[in-house]
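Heads up, the thing below is written out as C-alpha cells.
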Amino acid sequence: MSLTDLRRALLAFLHERLAADGLPPSQQEICARFGFRQNRSAGYHLQALHEDGLIELLPGRARGIRLRPAGVREAQAWRAERDGWDAPSSATPAANDDALPVLGRVAAGAPIGADPDAEAHVVIDRALFSPRPDYLLRVKGDSMREDGIFDGDLVAVHRTREARSGQVVVARLGDEITIKRLRIDADGIALLPRNPDYAPIRVPADVDFAIEGLYCGLVRSA
C-alpha cells in the first residue's frame with residue numbers, strides 16, 4: 001500500500017486531534033486544515049483511507065471516524081519523518097528537559113497498581129505531543145486497542161486533574177491506576193474501554209476517584 005503525502009498528513013491530523021481532544025475532527029475542520037473547498041473532498045480522502053484499512057467510518061455519526069491500528073502506525077511514521085524524529089532511546093539522561101520518566105504501569109484492562117518510582121527515562125521531543133506530556137506509563141492489557149493503544153506501549157501523560165467527557169484519561173480508583181475513555185453523564189462518571197471484550201467501569205459515588213492526567217500520545221518500540 002502506497003499513500004500520498006496528503007493522505008498520510010490527513011492520518012496524522014486525525015491522530016493528533018484524537019490525542020488532544022479525544023474526538024476526531026469534523027469534515028468541516030478537515031476542509032479548513034487542508035484547504036478543501038467542499039466536504040465532498042474530505043469525504044473522498046476519508047473513504048480512500050477507509051478502503052485501505054487505516055480508518056473506520058461509522059455511518060450516521062457526525063464525527064464517525066476511528067483510527068485502526070495500522071492507521072495509528074502510519075500516522076506516527078509520517079510525523080516522525082516530518083519532524084526528523086528517530087525512535088527514542090532508553091538511556092538515562094543527565095538533566096535533559098526532554099527526558100520523560102517512566103513511572104510504572106497503567107492498566108488497559110482491569111486497574112493495576114502503579115509504581116511511584118521511575119523505572120527508566122526516555123528522551124523524546126515533547127513538542128511531538130499535544131498537550132505536552134509530563135511522564136510516561138507502560139500499558140498492560142488490551143482494553144484500549146481500538147484507540148491504537150496496545151500492551152507494552154508507553155503512553156505519554158499530561159498531568160492534570162481536569163478532563164472533558166470523551167477524552168482518554170489516566171484515572172485513579174483507590175490505589176489503582178487505569179487508562180480509559182472518560183464519560184460524564186446524568187448517571188455520573190464511567191470509564192469506557194475501547195475493546196468489546198471489556199465492560200465499562202462505573203465509578204461509585206463513594207470511591208476515592210481522581211483524574212491523574214490526559215493521554216497525549218504514545219511511544220512504541222520498532
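Counting just the residues of the range 14-33 that are acidic (Asp, Glu) and under 17 Å from the mean Cα position of the chain (by Cα), which one comes out surrounded by the most Cβ atoms within 10 Å (Cβ to Cβ)?
Glu16
Rundown of residues vs (1) at pLDDT 90 or above; (2) touching a Phe, Trp or Tyr at 6+ places or on another chain (Cβ under 9 Å), yes/no style:
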{"site": "Val169", "(1), (2)": "yes, yes"}
{"site": "Thr178", "(1), (2)": "yes, no"}
{"site": "Asp208", "(1), (2)": "no, no"}
{"site": "Leu214", "(1), (2)": "yes, no"}
{"site": "Gly217", "(1), (2)": "no, yes"}
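Could you tell me which of the residues Arg164, Arg159 is surrounded by fewer than 20 Cβ atoms within 10 Å (Cβ to Cβ), among the basic types (Lys, Arg) and touching a residue at least 60 places away in the same chain (Cβ under 8 Å)?
Arg164
Does the range 171-181 contain any residue that is part of a loop (DSSP other than H, G, I, E, B) and of a type in the set (A, V, I, L, M, F, W, C)?
The answer is no, given that none of the residues of the range 171-181 is part of a loop (DSSP other than H, G, I, E, B) and of a type in the set (A, V, I, L, M, F, W, C).
Restricting the search to the range 14-57, which residues are more than 22 Å from Arg194 (Cα to Cα) and either assigned to a loop (DSSP other than H, G, I, E, B) or assigned by TED's automatic domain parsing to the domain that holds Glu146 (or both)?
Matches in the range 14-57: Gly35, Phe36, Arg37, Gln38.
On the basis of being among the charged types (D, E, K, R) and within 24 Å of Ala12 (Cα to Cα), does Arg159 make the cut?
Here the answer is yes, as Arg159 does meet what is asked.
Take the conditions modelled with pLDDT of 75 or more, closer than 21 Å to Ala19 by Cβ, among the hydrophobic types (A, V, I, L, M, F, W, C) and crowded, with 16+ Cβ neighbours inside 10 Å and apply them to Val122. Does it pass?
no
Report, by residue number, each residue of the range 34-49 that is under 30 Å from Pro133 (Cα atoms) and surrounded by 15 or more Cβ atoms within 10 Å (Cβ to Cβ).
Scanning the range 34-49 gives Leu46, Leu49.
If I filter the range 167-211 down to residues being surrounded by 17 or more Cβ atoms within 10 Å (Cβ to Cβ) and in contact with an Asp or Glu (Cβ under 6 Å, 6 or more places away or on another chain), which single residue comes out as nearest to Leu103 (Cα to Cα)?
Filtering first and then ranking leaves Val170.
The values are calculated or read from the model by the stated rules, or taken from the named source; none is laboratory data. Not measured: the values here are computed from a predicted model. Cβ sites come from the backbone with ideal geometry, for glycine too, and all protein chains shown count toward neighbours.
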